[in-house]
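The values are calculated or read from the model by the stated rules, or taken from the named source; none is laboratory data. A quick note: this is a predicted structure, and the numbers were derived from the prediction, not measured. Glycine gets a Cβ as well: all are built from the backbone with ideal geometry, and neighbour counts include every protein chain shown. Keep in mind that these areas ignore ligands, DNA and RNA; they rest on the heavy atoms of the full protein, side chains included. Shrake-Rupley method; radii C 1.70, N 1.55, O 1.52, S 1.80 Å.
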Amino acid sequence: MRERTVRLLTRLVWALVAGCLAGALLGWAAAQFLHIPQVDQITAFTPASTTRILAADGTPVASFAIERRTVLRPEQIPNVLKLAIVATEDSDFYHHGGVDLTAILRAVLYSIKELKLGARGGASTLTQQLARNFFQLHEHSIKRKIKEALLAIDIEKRLSKDQILTLYANLIYLGHGAYGVEAASHLYFGKSASELSLAEAATLAGMIQNPERLWSPFRNPKGVLKRRNYVLDRMLSLGFITKTAHDQAAAQPLGVSQHRERIPTGAYFIEEIRQQLEERYGSDALYSAGLQVSTTMDAPLQAMAEKAVREGLVSLDMSLGFRKPENVVSEGLADTAEDYEAPSWRDRELEADGMAEAVVTSVSRRNAKLRIADRTANLTRAGIKWTGASSVSRILKVGDLVLVRLPDKMPEDETSEIEVQLLQNPSLEAALVAIDNRTGAVRAMVGGFDFHRSEFNRAIQAKRQCGSAFKPFVYLTAFQQGYTPADTLFDAPFLLPDAEGQLTYCPKNYYDKYYGITTLRRALEHSFNATAVKLQQLVGGDAVVDTARRFGITTPLRPYPALALGAFEVRLIDLVRAYAGFANLGEVPASLMMTEVKDRDGKVLQRSYPSVQRAMPPTVTYLILHVLEGVIKRGTGVAAAGVDADLAGKTGTTDDYTDAWFVGFSPRMTVGVWVGRDLKQPIGRRMTGARAALPIWMRFVKGYLGTLDDQTRHEKFSVPAGIVFSPVDYYTGLRAIPTCPLVVLESFLDGTEPTESCSNDLHGLADMPWPFQLPFYTPRPGEPMPTPEAIAVANSRIEADQKKGEENAGD
């Protein structure tokens, strides 16, 4: 008996060994001849996921991905969704070891019967589907089935059931660009997968096999509703849900609507972030690593900035007169007006009193019919009144692409026609940057009228002459060297050497007028060109370049006389940062757009902190700040004097009105606006910084101030120790007396305030034309003064300008 037992055990051991060897040999042969991939890849695999861009308050504003996917952990996928998937795709999932032998045999017999290998699909367990999708096994054959089965068995050995189901849920494609259950939940239901109801979970599970066509809720909602109820029936029959839960879910409507991610605001800002991420982390990480990027964008301010730029440019362009619109058919953009799809229609929803692009589909004398995406619109003669045209057909034709104003109240019925008014797509461009003074955080950035029209970011990439907006660097340099805002120079024609060393350069003021004896405050507030160039000659061009560099101007500068008038190109973001340094009393903040970058697991890859650099002493910098306040109170920026806040800033205009600027600040925020054309051509007649850029600046700043509480809104600029104030005559800079026509409370470094008082005789002298003042003025050492040659050059230039009907820019 004992010997029989030993022999039996020996045979069993040998059978086991033989079985193991046969299995190993079969596995080795299968791997060699079937080319089965290594399952180790799946255990270390992390699905490609979406990089998300967050605004300063944590609100998602954009994403970047090759496959729109958010990877979930097992505990983040609700049980109701897991059970719905199992009920639909593999009811024995929790009981098999990776394959269903009965189902496979049935599929093979059917294929043989039909004499076509792979003719019948199905029979694949959920684990086999995972293997197929992961290893890209999509050929229809028995060979593929064998591979799937072997891989599935191996996967089951290495991963738990929950891990397999989680990986499956993260990998599956659920139609219309959604990869994984989280992306699909947001697309179809506008919520996270963790928030799905039973009916919604059943809907997603039912879509898995054919989500793009047969089971697409957008293309076949009735079929998807039936499919959802089939999934609910399966869950009930398997005991996954109760009869009550089943009946309640089955009674619900489908409830699917498209929740496409739009970029409603911040396209230029987001593109700059994208470029920085790609440069630092590479394209693969940007589009597949699931980065979470926190930015400094204030989404409401960004929306205000874009609206200010768009509304301001449209208004400005319309003031220049009607211009024939682009025609999409003539330009070859579409075969017919009905075929055209404007890029802006994809990202922008129609808002009451907003703007939208429309294409003309028919036109008559009385009106034109337009199409805005899938909506129709009507434009009557009343809507084109500003053009001066007597009939609609006189200015528009079929295929014209126009910009229109939407009504204050949009029709609730989406099939109803929208009554619109004609606007004009501007040929002008603009840029706006808003920076937090204390941190350097860029709160809003607009790089142009429309990102779809041009992705070129004029806030960062463009280098343009800034005109008189550069003058504060000249005056600040003078204040550093001991000048005061009450000091005087003689504003009159004078000659300087040109590029060839000849005395031919004669700085000329706006309106071709000179003002004689003038204080530095008055000269900067009203942007006198001659005084600015003269002051730079006195303090030294190299010193002015050094000041600009310390305040963050990065573009090439040369110490030529025209530097004082902004003849060298700068970037808007650099100039805004420099003015933030004025607001900070000499501390220049580094511009900051990203605060933190995390990987998909929450590990911090990058964290940025605010940093500032001392460029000038607080007392000296306060002098320029105080003068720039006067620009808004009395000078070229006086249009903004009615804004109820402490503000300071400077206009800028270049020759021939090719560039218009306004850069200004409150105690907390600095905002800069540039307006011009991409090709260096005139904006329009007399389009100064005050006329073209300041209205956009004011529109945004008013909106920004409206977001602040009353105390913050009325915050005052801080005055550093060492500054004293003294009442002085605005025109002479001397201590004020009761008969002075205009008195300002001037700021001085302690001990530099004037001791001499003004007089009525000096008032009379100040009222005289500059030639009559000349005998009574004592020049400063080295101060260029008028000569007969300078007067002759100035007069000839004035005569030439008068013939052209133009004044010299330079406000």
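Data overview
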{"item": "Cut-off 16 Å, label 7 Å out along Cα→Cβ of residue 601, residues of segment 282-321 by amide N", "result": "289-292"}
{"item": "Centre separation in Å (Cα based) which lies between segment 146-195 and segment 684-734", "result": "58 Å"}
{"item": "Positive-pole candidate from 130, 648, 707, dipole of the chain, charges at beta carbon", "result": "130"}
{"item": "Average Cα contact separation per residue, the chain, under 8 Å, 6 or more apart, as relative contact order %", "result": "11 percent"}
{"item": "For residue 441, residues with placed amide H under 5 Å, excluding near neighbours", "result": "436, 592"}
{"item": "Global geometry of segment 294-421, whether rounded, prolate or oblate, following the gyration tensor of its Cα atoms and the 1.5 cut on a/c", "result": "prolate"}
{"item": "Contour excess over end-to-end distance, with Cα ends at residue 158 and residue 413 and 0.36 nm allotted per residue", "result": "86.2 nm"}
{"item": "Cα lying deepest toward the dipole's positive end in segment 280-404, options 396, 325, 305, charges on Cβ", "result": "396"}
{"item": "Residues of the chain: accessible area per residue with a 1.4 Å probe, Å²", "result": "45 Å²"}
{"item": "Cβ-Cβ FRET estimate between residue 73 and residue 511, R0 fixed at 56 Å, reported to 0.05", "result": "0.20"}
{"item": "Estimated 222 nm signal from helices in the chain, with DSSP H stretches of n ≥ 4 weighted -39500 (n - 2.57), rounded to 500", "result": "-11500 deg cm²/dmol"}
{"item": "Of all accessible heavy-atom area on segment 599-712, the percent that carbon and sulfur account for (1.4 Å)", "result": "47 percent"}
{"item": "Segment 589-629, relative contact order in percent, only Cα pairs under 8 angstrom and at least six apart counted", "result": "34 percent"}
{"item": "Cleavage-rule hits (trypsin sites (Lys or Arg not before Pro)) in segment 579-646: DSSP loop, at most 10 neighbouring Cβ within 10 angstrom", "result": "603"}
{"item": "Alpha-carbon centroid distance for the pair segment 79-95 / segment 328-364, whole angstrom", "result": "47 Å"}
{"item": "Per DSSP, loop GluC sites (Glu not before Pro) in segment 352-441 with at most 13 further Cβ within 10 Å", "result": "412, 414, 417"}
{"item": "DSSP beta bridges in the chain [antiparallel fraction, %, rounded to 5]", "result": "90 percent"}
{"item": "475, 609, 173, reordered so the largest accessible area comes first (probe 1.4 Å)", "result": "609, 173, 475"}
{"item": "Read-out percent of Cα pairs over 46 Å apart, derived from the coordinates shown; its label in (i) 44; (ii) 25; (iii) 22", "result": "(i)"}
{"item": "Charge dipole (debye, nearest 20) of the chain; +1 at Cβ of Lys and Arg, -1 at Cβ of Asp and Glu", "result": "3060 debye"}
{"item": "Fully extended contour minus Cα-Cα distance, from residue 350 to residue 283, at 0.36 nm per residue", "result": "20.8 nm"}
{"item": "Residue-count net charge about residue 356 - beta-carbon cut-off 12 Å; Lys, Arg +1, Asp, Glu -1", "result": "-1"}
{"item": "Solvent accessible area, Å² - residue 390, 1.4 Å probe, full protein context", "result": "70 Å²"}
{"item": "Heavy-atom accessible surface of segment 152-285: percent carbon and sulfur, 1.4 Å", "result": "49 percent"}
{"item": "Of all accessible heavy-atom area on segment 735-779, the percent that carbon and sulfur account for (1.4 Å)", "result": "59 percent"}
{"item": "Gap separating the Cα centres of segment 746-796 and segment 197-243, nearest whole Å", "result": "87 Å"}
